Amino acid sequence: MMRPARLAVGVVSAGRVGSVLGAALARAGHTVVAASGLSASSLARAERLLPDVPLLPPDETVRRADLVLLALPDDALEGMVRGLVATGSLRPGQIVVHTSGAHGIRVLDPAAEAGALPLALHPVMTFTGREEDLERLAACSIGVTAAEDDEAAWHVGEALTVEMGAEPVRIPDSARALYHAALAHGANHLMTLVADCADLLRQAGIGQSERLVAPLLSAALDNVLRHGDRALTGPVARGDLGTVRKHLAVLADRAPDVAPAYRALARRTVARSTAAGLLDTAAAKDLTELLDDPAEGHPDQ
């Protein structure tokens, strides 16, 4: 794999992702020459993870860099790229990398037109902005996107990823939207689901709810990653109509805000259990009718 030369790195901005990836690149032998950040948390994070790196405005940060790392919110990325081009901050030969999962490289078209090499490097992990994130990089993948016909650019993205300690996975630009939707659906909605689960247990008066469910949830995640739909279990996968009816009733009474999510996920479980051969068609039909009936679980019923 082609190894990039030692590069001067400019980080825009020193948020949770930018500060950690900047530190990872510095650990790999590159030099972080400047970073931008305005909030108190960004300043503290930069001082901790990027010590002695000057904090400058974005345009000055970019002018000093060979490798520009744009670690910005999705909606801020396009405006920043256009602004950097308009101010003449970008120059031919620079490598411009963004870390957004939602965008491919089209958002970097103005930078490419200015002569820069565009890359998207999206770490498939959540960040705390603390030192432990550097170690977590070693266990994660980074989605790499480059111009389809530019094999050299793909190699640069992959080499930078390996240098940071992660595993590169090629994500074609055309697949980027579905790729990000899949990750958000899995990770973000999993967090919501687990938090709802813990809240319901606390509402039932059960203490140490997180400790109670941690082994169950960890085993469920491990099982589905190993065995797919064959690992499905629980009342829906077993066709236990009476149990599901009780769940709908108690959720409607005690947690009406959670009940719609339970119904929606139960419908998906019916579909997946049926496709996997775990649930026969008659049981699937009965469950679907129960879940689709707005009167079921209504507190007045």
**Prompt:** In what order, largest first, do 185, 247 sit by accessible area if the probe radius is 1.4 Å?
**Reply:** 185, 247
**Prompt:** For the range 179-292, which semi-axes, largest first and in whole Å, follow from the square roots of 5 times the eigenvalues of its Cα gyration tensor?
**Reply:** 22, 20, 14
**Asked** Where the centre of each part is set by its Cα atoms, how far does the range 182-222 sit from the range 255-301, in angstrom?
**Response** 20 Å
**Fill in**
Quick shape check on the range 23-152: root eigenvalues a ≥ b ≥ c of the Cα gyration tensor, a/c under 1.5 is rounded, otherwise prolate if a/b tops b/c, else oblate, and it reads oblate
**Prompt:** Hey, rough spin-label estimate for residue 286 and residue 249, points 7 angstrom out along Cα→Cβ, what's it come to in nanometres?
**Reply:** 1.6 nm
**Asked** What is the distance, in nm, between label points placed 7 Å from the Cα along the Cα-to-Cβ direction at residue 187 and at residue 5?
**Response** 3.3 nm
**Message:** Just to confirm, what accessible area per residue do you get for the range 154-301 at 1.4 Å probe, in whole Å²?
**Reply:** 61 Å²
**Fill in**
The set of residues whose placed amide H lies less than 5 Å from the amide H of residue 141, leaving out same-chain residues fewer than 5 positions away, is 124, 167
**Request:** Using θ = phi - 60° and the Karplus relation 6.51 cos²θ - 1.76 cosθ + 1.60, list the HN-Hα couplings for the range 117-127 in order, rounded to whole Hz, with x at every Gly or Pro.
**Result:** 8, x, 9, 10, 10, 10, x, 8, 6, 9, 10
**Request:** Only Cα pairs under 8 Å and at least 6 apart count here; give the relative contact order of the range 132-189 as a rounded whole percent.
**Result:** 36 percent
**Message:** Of 194, 276, 70, which is farthest towards the positive pole of the chain's charge dipole, taken about the Cα centre with +1 and -1 on the beta-carbons of Lys, Arg and Asp, Glu respectively?
**Reply:** 194
**Asked** Label-point separation (nm) for residue 218 and residue 173, each offset 7 Å from Cα along Cα-to-Cβ?
**Response** 4.3 nm
**Request:** Would you mind computing Rg(Cα) / (2.2 N^0.38 Å) for the chain, counting N as its residues?
**Result:** 1.24
**Request:** Could you tell me what percent of the accessible area of the range 8-171 is made up of carbon and sulfur, with a 1.4 Å probe and every protein chain present?
**Result:** 53 percent
**Sum of -39500 (n - 2.57) over DSSP H runs of 4+, divided by residues of the chain (222 nm, nearest 500)** = -15500 deg cm²/dmol
**Prompt:** Per residue, how much accessible area does the range 1-78 have with a 1.4 Å probe, in Å²?
**Reply:** 46 Å²
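The values are calculated or read from the model by the stated rules, or taken from the named source; none is laboratory data. As the structure is a prediction and not an experimental result, all values here were calculated from the model. All Cβ positions, glycine included, derive from the backbone under ideal geometry; neighbour counts span all protein chains shown. Please note that ligands, DNA and RNA were not included when accessible areas were found on the heavy atoms of the full protein model with its side chains. Shrake-Rupley method; radii C 1.70, N 1.55, O 1.52, S 1.80 Å.
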